[in-house]
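Presented below is the structure to which this report refers.
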Amino acid sequence: MDKCDRYIINGGIPLKGTVKISGAKNAAVAIIPAVILCDEVCTIENVPDITDVTAICNILKRLGVKITISDDKSTLTIDPRNITSRKATNSHVRDIRASYYLLGALLGRFNDAYVSMPGGCDFGIRPIDQHLKGFEALGATSTSLKEGVVHVCAEELNGANIYFDVASVGATMNVMLAAVKAPGLTVLENVAKEPHVVDLANFLNSMGANIKGAGTDVIKIRGVEHLFSTTYSIMPDQIEAGTYMAAIAATKGDARVLNVIPKHLEVIIVKLREMGVTVEEDEDSVRVFSNKRLKRVNIKTSPYPGFPTDMQPQFCVLMAIAEGLSKLHEDVWDNRFKYIGELNRLGAKIDVVKDTAYIEGVEQLEGALVSATDLRAGAAMVIAGLCANGTTEIDNVAFIERGYENIVGKLQGLGTDIIKSGPPNSPDFPSSDKNNGCA
Ligand code: EPU
């Protein structure tokens, strides 16, 4: 895929029909490397066809893991028996944030792991001190080597009590991986409660692990000697679902979002309703319907069950076209407002002061040339383009395809006018001077 690919959207068409949500990115990128801990072949279903999954599979293949992909790309058969390396240090490893799960998985299997410090979306400093604190409590030592490689190793791992200073998704899941085969009882406190934490625990338990309490503040893990073959289906992606729900609301559409767990969408549904949107919940789908201007709202992001930071940019678009002044406070990441300048290019009126965006709603956004500055910011640009007047071109869409399966096809299925195209020729393209060789 060319980094400079772009989407061209002719906006103003209400989303209609149905869209089916894929498996959850942030569960998949942990569950796939977790198979390293197993002594047998595993089958993972409902895997999203996104580039972050391709990246994690490529990293595993380089370690000697055999992966077979079904024709529709949604099922992976993973054979970790003949893994040949404990070193995930090539340049691809830095491309995705989730490569940090290799630390926990390799440590849990071999008591030894070398992993390049991960990359991912740039929201300011993204430390892994809580991951290392957990590994060390289990008996490992960690060393920072040259070129950003982290080495963790242990004579042996043993169950321990660990209190996390922040409720980190990555640290909770990574330490869970390292602890699952460590003899004795591990108690993790102040853990993250996100649905993907529960999905990883369910997956590990389906291989024979003994993990209790995932989804609450305390997780108890009793180490087991072996993990066995399983077939496991990844849960639906809460953030992909929320993104389509926001897009339907932004375009005054009427559409049904299929293959969701409504419980995971609670706070998103509450905020949409507060903005005047009708949301009808079914067992595994939601209908979203809106036919009038959105009402203003205030939102503060926080860990699950709070409002997800990964929905912050998409809701910013809704606030940008709502009536009145909305306030959006980012409380998880230091620097997740880099996209605001792009949204203002489309006619939004947003000022950012420290961690808060003050959004004066406008009646109508106008199409423009914009850039996807990261994954969710890119999704926000798509929503903005769908509800704007005229044509919006978004470049850097490789960011979007890290986490949204077939977004162009799914949106076309909802009746919108969106296509994917090659690099732009226009010298006016906003990112032409910012991206390596782009434009
Ligand atoms: N933190 C620390 N120390 C650590 C780890 C985290 O101080 O050792 C801090 C972070 O700086 C941040 C907060 O804790 O302020 C939360 O970070 P967390 O560890 O929960 O984030 P993450 O595991 O790196 C995952 C998702 C992100 C999502 C966050 C928060 C994956 C691969 N990524 O990141 O997803 O924003 O949780 O929910 O699961 C996305 O999908 O677009 C995305 C960025």
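Report, by residue number, each residue of segment 339-359 that is touching a residue at least 24 places away in the same chain (Cβ under 8 Å) and farther than 17 Å from Lys300 by Cα.
Tyr339, Glu342, Leu343, Arg345, Leu346, Gly347, Ala348, Lys349
Since Val362 meets every condition but one in (1) surrounded by fewer than 21 Cβ atoms within 10 Å (Cβ to Cβ); (2) in a strand (DSSP E or B); (3) touching a Gly at 6+ places or on another chain (Cβ under 8 Å), which condition does it not meet?
(2)
With the checklist (1) touching a residue at least 60 places away in the same chain (Cβ under 8 Å); (2) assigned to a helix (DSSP H, G or I) in hand, flag the one item Glu393 doesn't pass.
(2)
Which residue out of Leu103, Leu132 is within 13 Å of the ligand (Cβ to nearest atom) and free of Cβ contacts under 8 Å to residues at least 24 places away in the same chain?
After applying the criteria, what remains is Leu132.
Mind counting the residues in segment 140-167 that are within 16 Å of the ligand (Cβ to nearest atom) and surrounded by 16 or more Cβ atoms within 10 Å (Cβ to Cβ)?
7
I'd like the full set of residues that are outside any loop (DSSP other than H, G, I, E, B) and either of a type in the set (Asp, Glu) or in contact with a strand residue (DSSP E or B) (Cβ under 6 Å, 6 or more places away or on another chain) (or both), limited to segment 88-98.
Listed by number, the residues that qualify are Ala88, Val93, Arg94, Asp95.
Inspect all residues belonging to segment 275-286 and state whether any of them is touching a Phe, Trp or Tyr at 6+ places or on another chain (Cβ under 6 Å) and aliphatic (A, V, I, L, M).
no
Any residue in segment 171-183 that's more than 15 Å from Ala154 (Cα to Cα): show its pairings with residues that are buried (at least 24 other Cβ atoms within 10 Å of the Cβ) and modelled with pLDDT under 95 at Cβ separation under 8 Å, as long as the two are six or more apart or on different chains.
If the second residue must be buried (at least 24 other Cβ atoms within 10 Å of the Cβ) and modelled with pLDDT under 95, the pairs left are Asn174/Tyr100.
Taking the stated definitions as given, is Ala192 more than 16 Å from the ligand (Cβ to nearest atom), touching a helix residue (DSSP H, G or I) at 6+ places or on another chain (Cβ under 6 Å), farther than 22 Å from Glu40 by Cα and of a type in the set (A, V, I, L, M, F, W, C)?
No; evaluated as a whole, the condition is false for this residue.
Looking only at segment 237-254, count every residue that is closer than 18 Å to Ile321 by Cα and assigned to a helix (DSSP H, G or I) and tell me the total.
Looking only at that region, the number is 9.
Whether any residue in segment 80-87 is among the aliphatic types (A, V, I, L, M), away from the ligand (no atom under 16 Å from the Cβ), farther than 19 Å from Leu145 by Cβ and in a strand (DSSP E or B) is what I want to check.
No, segment 80-87 has no match at all.
May I ask you to say which residue of Ile59, Ile13, Ile36 is part of a loop (DSSP other than H, G, I, E, B) and hydrophobic (A, V, I, L, M, F, W, C)?
Ile13
Which number in (1) farther than 30 Å from Ala246 by Cβ; (2) within 16 Å of the ligand (Cβ to nearest atom) marks the one condition that Ile32 misses?
Looking at each condition in turn, Ile32 falls short on (1).
Check off (1) away from the ligand (no atom under 12 Å from the Cβ); (2) of a type outside the set (S, T, N, Q); (3) crowded, with 23+ Cβ neighbours inside 10 Å; (4) within 19 Å of the chain's Cα centre (by Cα) for Val197 and give me the number that stays unchecked.
(1)
The values are calculated or read from the model by the stated rules, or taken from the named source; none is laboratory data. Fair warning: this is a prediction, and the values are worked out from it, not measured in the lab. No Cβ is skipped: glycine too gets one built from the backbone with ideal geometry, and neighbour counts run over all protein chains shown.
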